[in-house]
1. Which log10 I(q)/I(0) values does the range 98-204 give at q = 0.12, 0.13, 0.15 Å⁻¹ under the Debye formula, counting every alpha carbon as one identical point scatterer?
2. Roughly how many whole Å is it from the C-alpha centroid of the range 193-250 to that of the range 334-394?
3. Return one number: the angle in degrees, 0 to 90 and rounded to the nearest 10, between the long axis of the Cα atoms of helix 232-243 and the longest principal axis of the Cα atoms of the chain.
4. Gap in Å between the Cα centre of the range 96-164 and the Cα centre of the range 32-48?
5. Sticking to Cα atoms, compute the Rg of the range 156-265 to one decimal and its Dmax as the biggest Cα-Cα distance, whole number, in Å.
6. Starting from the Cα of residue 217, draw a straight line to each of the aspartates and glutamates and keep only those under 18 Å, dropping any in the same chain fewer than 8 residues away.
7. Viscosity 1.002 mPa s, temperature 20 °C: give me the Stokes-Einstein translational D for the range 202-334 in µm²/s, with Rh taken as the Kirkwood radius over C-alpha pairs.
8. Can you divide the C-alpha Rg of the chain by 2.2 N^0.38 Å and report the result to two decimal places?
Amino acid sequence: MTTVGIKTVLRFLVSAVVVFVWTSTASSQEDVKIGLVGEFSGPFADYGQQMFNGMNAYMKQHGDTIAGKKIEVIRKDTTGPAPDIAKRLAQELVTRDKVDVLAGFGLTPNALAVAPVATEARKPMVIMNAATSIITTKSPYIVRVSMTLPQVTQPMAQWAARNGIKNVYTVVSDYGPGLDAEAAFNKAFTAAGGQITGSVHIPLKNPDFAPFVQRVKDAKPEAVFLFLPAGEQGIAFMKAYKERGLAEAGIRLVATGDITDDGVLEAMGDPVVGLITSFHYSAAHDSPENKAFLKAYADANGTKLRPNFMAVAGYDGMAAIYAALKKTNGSTDGDALMAAFKGMRIASPRGPITIDPETRDVIQTIYIRKVEKVNGGLYNVEFDKFPEQKDPGK
Ligand code: PHB
C-alpha cells in the first residue's frame with residue numbers, strides 16, 4: 001500500500017472511532033434512568049406494584065420522552081421491610097446501572113436506609129410513600145410527593161374532637177409512621193380538649209390482632225384511633241374488630257385512610273361501611289384530574305387493581321421528575337433537579353400539591369371521608385376538608 005493509501009485508511013479508522021465514541025456517549029446522554037426501589041413481593045407486594053402502575057400510567061399518558069431525553073425505569077424488589085436489601089439495591093442502581101434518580105420506597109425503614117446513598121451519590125430520591133415525618137431531614141436530596149403521618153392524622157384528631165368524641169384509645173403499628181401518628185393524634189386531640197385513655201403498639205411483621213383488639217374492648221373507650229400500614233393488615237384488623245364485637249359494644253373507630261386503602265377496600269366488605277378516615281387521596285375524588293388519572297391507570301395497567309394513594313404518588317412523582325427535567329433542559333445534575341423540585345406545584349389527581357421549598361415535603365389538602373357503597377362498590381367518599389396542610393412535625 002502507498003503512503004497516501006495508509007494515511008487514508010488511518011484517517012478513516014480515527015474518524016470511525018471518533019464517531020463511535022461520540023454516538024455511544026450521545027445515546028447514553030439521551031436516556032434518563034430512574035431506579036425504582038420498591039416492595040414487589042411478600043405481604044407488601046402491592047406497594048411496589050401500585051407505585052410502578054402509577055408511573056406507568058403517567059408515561060403512557062405523556063410519552064416516554066421529556067426535554068429530548070428518553071425515560072427508563074429500572075425496578076428493584078426489596079421483598080418487604082428490609083433496609084439492608086434496599087440499601088444494597090440502591091447502591092447497585094447508582095454504581096452499576098448509573099441511574100439519575102432514585103424513586104419508590106413504600107416502607108419507612110427502606111427509605112431511611114437509602115438516604116445516605118442518595119446524599120453520597122448526589123442523586124434525587126423521590127419518596128412515593130414512606131411517611132414518617134423525619135425521612136426528608138435525612139438527606140438534602142430527598143423530595144416527598146406522598147404524605148406524612150402527622151399531616152394526615154392531625155385533621156382526624158381535630159375532626160373527632162369537634163364531633164363529640166371525648167376519649168380515645170390509640171392503636172398503631174409499632175414503627176416510625178405508627179409512632180408519628182400516635183404522637184400527632186395525642187397532641188392535637190388533647191389540645192382540643194380530648195383525653196387519651198390508653199395505647200397499644202402492634203408489631204409490623206406477622207401481627208395477630210385479636211389480643212390487641214380484646215385489650216381495647218376491655219378498656220371501654222368511646223372511640224379508637226387506628227393507624228396500620230395499608231394493605232392486608234387492614235383486612236385482618238377489621239375481621240378481628242368485627243369478631244370481638246367492638247362496634248356492638250358501642251366503640252367508634254376513626255383512622256387514617258391507610259386502613260381503607262382503595263386497593264383492598266372492596267375485599268374488606270361490609271364491616272367497613274360507615275368508617276371515617278382522614279387522607280389525601282380517594283379514588284372517588286371528584287375532579288377532572290382524577291378522572292383522567294383513573295382512565296390512564298386502567299388503560300396502562302388493566303382493571304384488576306384499583307389505584308390507591310401509592311399509585312397517585314407514583315404518577316405525581318413521575319410528573320415531578322418530568323417537570324424538573326423540563327426546567328433543567330434535560331440536565332440530570334442532582335443539584336439542578338433538586339432546585340427544580342423546590343416550590344413545584346402539581347395539579348394532582350388528589351387536588352393541588354406543592355413541594356415545600358424549605359422542607360422538600362408535600363403540602364396538600366387532607367380530606368375527611370366515609371366508606372359508602374357507590375354504584376355497588378365500596379368507596380371513601382370525601383365530605384370535609386383541611387386545605388394546605390404542611391407536615392406539622394416540622
Ligand atoms: C411507611 O412505612 O412509612 C408506611 C407504610 C404504609 C403506609 C403508610 C406509611 O400506609
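1. -0.48, -0.54, -0.66
2. 27
3. 10
4. So the two Cα centres are separated by 15 Å.
5. Expressed in Å, the Cα Rg and Dmax of the range 156-265 come to 12.9, 36.
6. Output for residue 217: 208, 243, 248.
7. 125
8. For the chain, the normalised Cα radius of gyration is 1.11.
Taken together, the values in this text are just the output of simple stated rules run on the coordinates, not laboratory data. Values in this document were obtained by computation on a predicted structure and should not be read as measured data. Here Cβ is always computed from backbone atoms with ideal geometry, including for glycine, and neighbour counts include all displayed protein chains.
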